[in-house]
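Trainee: Pasting a structure below so you can have a look.
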Amino acid sequence: MTDSYDADVAIIGYGPTGVIAALTLARYGVSAVALERDTDIHPRARAVTVNDWTMRIFQDLGIDERIEKKIDPQRALRWVTYDGREIMRIEHPPSTLGRKARFYNIYQPIMETELRAAAQDHGDRITVHYGTEVTGVAQDADGVTVTSTDTATGRTRTTRARYAIAADGGGSTTRGELGCRLVGDTNDVTWVVIDCRVKRWWPDRDFLTFWSDKERPVVDIALSADNHRWEIPLKPDETPANYPTSAEVWPLLKALGVTEDDVEIHGTPSTSTTSGCATPGARAGCSWPGTRPT
């Protein structure tokens, strides 16, 4: 019996991993159909860096130069205390993979937009269905049938492919369908994640900085395109309700020497789970206003 396929490969999820999968397949003449739940790119940063290995992948796909224009080299990482004492600094050595930098800071919405633009150059090989939530995956001897629902109309769609790639993120529905269990432990700590637009440069802003403190350690990282992020843990006696607006967040930043003259906080507080923010169970990498568990 001859099987009818919508594409050689179905890609579940069209974030950066799904796009790179589609571009790689297209390069080798393999057709792909991507199914993406969201209609738009998430407006805040999730991932914050890529390294030279990632850039080599971009180079292999012929898109490294266009991506490099959207990201910034990361100079070094360091550990400091609140009183300004530098505990340790590690200067990044040059890449051994033919790149100028070993690590790069990114602003994911911008980089992801550029990746999708690159994929549009392969429209004959890559088809994308946005607003499509995958609800089931069935494998047989001849291929895979992916069942999905249109998030706007509720209409069910089936997609037939020879293979399927699960690229639907940390909360992967597909991984659950396959019975793949994540192994490992995590600390039960909630973090305020603050994304900002930079108004003016300050010394060593392009360092990845870890503020060392027993009660309030901080991850402090430059993002590309004049953005910056701080990840700050709540104390045991605090909850997200202690930080309902950006006004309550400013004392945390000012303790690090950052003021309204330096940055502007992105967005306004929200308790909506549709943004992926503002609840202790929100997905990792969510930007302020919001919290995330480690």
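The values are calculated or read from the model by the stated rules, or taken from the named source; none is laboratory data. Small disclaimer: the values here were computed from a predicted structure and weren't measured. All Cβ positions, even for glycine, are placed from backbone atoms using ideal geometry, and neighbour counts span all protein chains on display. The accessibility values were calculated without ligands, DNA or RNA, using every heavy atom of the protein model including side chains. Shrake-Rupley method; radii C 1.70, N 1.55, O 1.52, S 1.80 Å.
Trainee: Of the options Val137, Thr127, Ala101, report the single residue whose Cα projects farthest towards the positive end of the charge dipole of the range 56-143 (beta-carbon charges: Lys, Arg +1; Asp, Glu -1).
Mentor: Ala101
Trainee: Here's another thing I want to ask about it. Give the cross-link partners of Lys70 among the aspartates and glutamates, using a straight C-alpha distance below 12 Å as the criterion and excluding same-chain residues fewer than 8 apart.
Mentor: Glu112, Glu114, Asp226
Trainee: A further question on this structure: Just the accessible area per residue of the range 1-51, please: how many Å² with a 1.4 Å probe? Walk me through the numbers on the way to the answer.
Mentor: Working: 2300 Å² over 51 residues.
Normalised by residue count, the accessible surface of the range 1-51 is 45 Å².
Trainee: So, one more: How much solvent-accessible surface does Lys254 expose, in Å² to the nearest 10, with a 1.4 Å probe and all protein chains in place?
Mentor: Lys254 has an accessible surface of roughly 100 Å² with all protein chains in place.
Trainee: Continuing with this model, one more query. Please give the charge dipole size of the range 11-107, origin at the Cα centre, charges +1 on K and R Cβ atoms and -1 on D and E Cβ atoms. Round to the nearest 20 debye. Don't jump to the answer; show the numbers that get you there.
Mentor: On the way: 15 positive and 12 negative charges, 38 e Å.
Result for the range 11-107 is approximately 180 debye, rounded to the nearest 20.
Trainee: Counting only protein heavy atoms and using a 1.4 Å probe, what share of the accessible area of the chain belongs to carbon plus sulfur, as a whole percent? Present the calculation step by step, with values, prior to reporting the outcome.
Mentor: Values: 7710 of 15480 Å².
Roughly 50 percent, rounded to a whole number.
Trainee: Using only DSSP helix segments of four residues or longer, with each worth -39500 (n - 2.57), what per-residue ellipticity at 222 nm results for the chain after dividing by its residue count and rounding to 500? Walk me through the numbers before you get to the answer.
Mentor: Details: 6 runs with 54 residues, N = 294.
-5000 deg cm²/dmol, from helical runs alone.
Trainee: Tell me the accessible surface of Val30 in square angstrom (1.4 angstrom probe, heavy atoms of protein chains only), to the nearest ten.
Mentor: Roll a 1.4 Å probe over it and Val30 shows about 40 Å².
Trainee: Rounded to the nearest 5, what % of the DSSP beta bridges within the chain are antiparallel ones? Numbers along the way, then the final one.
Mentor: Values: 45 of 64 bridges.
Roughly 70 percent of the DSSP beta bridges within the chain come out antiparallel.
Trainee: Same structure again: To the nearest 20 debye, what is the magnitude of the charge dipole of the chain about its Cα centre, counting +1 on the Cβ of each Lys and Arg and -1 on the Cβ of each Asp and Glu? Numbers along the way, then the final one.
Mentor: Values: 34 positive and 42 negative charges, 67 e Å.
So the dipole magnitude of the chain works out to roughly 320 debye.
Trainee: Give the calculated FRET efficiency between Tyr82 and Thr186 to the nearest 0.05, with a Förster radius of 30 Å applied to their Cβ-Cβ distance.
Mentor: On the way: r = 26 Å, r/R0 = 0.86.
According to the calculation, E is roughly 0.70.
Trainee: Based on the mean of other beta carbon atoms within 10 Å per residue, what is the order of 218-231, 188-201, most packed first?
Mentor: Numbers: 218-231: 21.2, 188-201: 17.5.
The most tightly packed comes first, giving 218-231, 188-201.
Trainee: Quick one: if the Förster radius is 45 Å, what FRET efficiency do Arg160 and Thr96 give, using the C-beta to C-beta distance and rounding to 0.05? Don't jump to the answer; show the numbers that get you there.
Mentor: Working: r = 43 Å, r/R0 = 0.97.
Efficiency, rounded to the nearest 0.05: 0.55.
Trainee: How large is the accessible surface of Leu182 in square angstrom, using a 1.4 angstrom probe and rounding to the nearest 10?
Mentor: 120 Å²
Trainee: Under the Karplus relation 6.51 cos²θ - 1.76 cosθ + 1.60, θ = phi - 60°, what is the ordered set of whole-Hz ³J(HN,Hα) values for the range 163-173, x standing for Gly and Pro?
Mentor: 9, 9, 10, 8, 10, 9, x, x, x, 4, 5
Trainee: Right, next: Which far-off residues, 5 or more places away or on another chain, put their amide H under 5 Å from the one on Val263, with H placed in the peptide plane?
Mentor: Long-range HN contacts for Val263: Lys199.
Trainee: Let me check something: with ligands and nucleic acids excluded, how do Met111, Met88 order by accessible area (1.4 Å probe), largest to smallest? Show your work: numbers first, answer last.
Mentor: On the way: Met111 10, Met88 90 Å².
Result of the area sort, largest leading: Met88, Met111.
Trainee: Now, a different point. What does the extension gain come out to for Arg89 and Asn51, with contour length at 0.36 nm per residue minus their alpha carbon separation? If you can, show how the numbers build up before the last one.
Mentor: Working: separation 38, 0.36 × 38 = 13.68 nm, distance 1.86 nm.
Roughly 11.8 nm would be gained on extension.
Trainee: In terms of Cα to Cα distance under 22 Å, which lysines are near enough to Lys254, apart from those fewer than 8 places away along the same chain?
Mentor: Here the lysines satisfying the reach criterion relative to Lys254 are Lys199, Lys214, Lys235.
Trainee: For the range 107-123, just list the computed ³J(HN,Hα) in residue order, Karplus coefficients 6.51, -1.76 and 1.60, θ = phi - 60°, integers in Hz, with x standing in for Gly and Pro.
Mentor: Result, rounded to whole Hz: 10, 3, x, 6, 5, 5, 4, 5, 4, 5, 5, 5, 5, 5, 5, 10, x.
Trainee: Let me ask you something else. Please name whichever of Ile71, Tyr5, Leu25 sits farthest to the positive end of the charge dipole of the range 1-80, dipole taken about the Cα centre and charges placed at Cβ: Lys and Arg +1, Asp and Glu -1.
Mentor: Selected residue: Ile71.
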